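For reference, the structure discussed in these notes is given below.
The values are calculated or read from the model by the stated rules, or taken from the named source; none is laboratory data. Since this is a predicted model, take the numbers as computed values, not measurements. Cβ coordinates were reconstructed from backbone atoms using ideal geometry, including for glycine residues, and neighbour counts include every protein chain displayed.
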Amino acid sequence: MSEVIATKTGTLLAKFDVSAEKVLAEMGKIAFTDPCKDPCKLFNADGSPKDLKDLDEDTAAAISAFDVVELGDASRDDQKLAFSRVRKIKLADKLKALELLARYHKLLTDKVENSGRTTLEMLVCNSVSD
């Protein structure tokens, strides 16, 4: 049964061109994109957010949401009045990406506590039940 699941999973991964390398690369883009280090990657010289089409691939991969809200699109006598556009950029969860990368590289492990108290009775009961 596990061989069938592995085969089906492998087929799906190949069909959608998903590889471990691609997944790790995307997590790396999220984990290591730092808009504070180079704000020009996200913002124009006047401080306005760049359009998505103007972002480099790594910066675009780190964005989880880009909202645009247009306010006050009123006109009178062919003149626009009080128009403004609000753009919000939300970056993907950097800490989660770092955690997943650290777990993949075995830099983090879950700590399992063991009291160290194993009695002969416990060993015998476990071996009989197996």
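Just to be sure before I move on: is residue 109 closer than 21 Å to residue 24 by Cα and at pLDDT below 85 in the structure I sent?
Yes.
Condition check ((1) under 29 Å from residue 104 (Cα atoms); (2) exposed (fewer than 10 other Cβ atoms within 10 Å of the Cβ)) across all residues:
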site	(1), (2)
20	yes, yes
33	yes, no
48	no, no
67	no, yes
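Output the residues belonging to the range 50-97 that are at pLDDT 85 or above, of a type in the set (A, V, I, L, M) and assigned to a strand (DSSP E or B).
Within the range 50-97, 63, 65, 89, 91 qualify.
For residues that are over 27 Å from residue 96 (Cβ atoms), of a type outside the set (A, V, I, L, M) and without any contact (Cβ under 8 Å) to a residue 12 or more places away in the chain, tally how many sit in the range 1-50.
8
Restrict the check to the range 18-38 and report whether at least one residue is modelled with pLDDT under 85 and assigned to a helix (DSSP H, G or I).
No: the range 18-38 contains no residue that is modelled with pLDDT under 85 and assigned to a helix (DSSP H, G or I).
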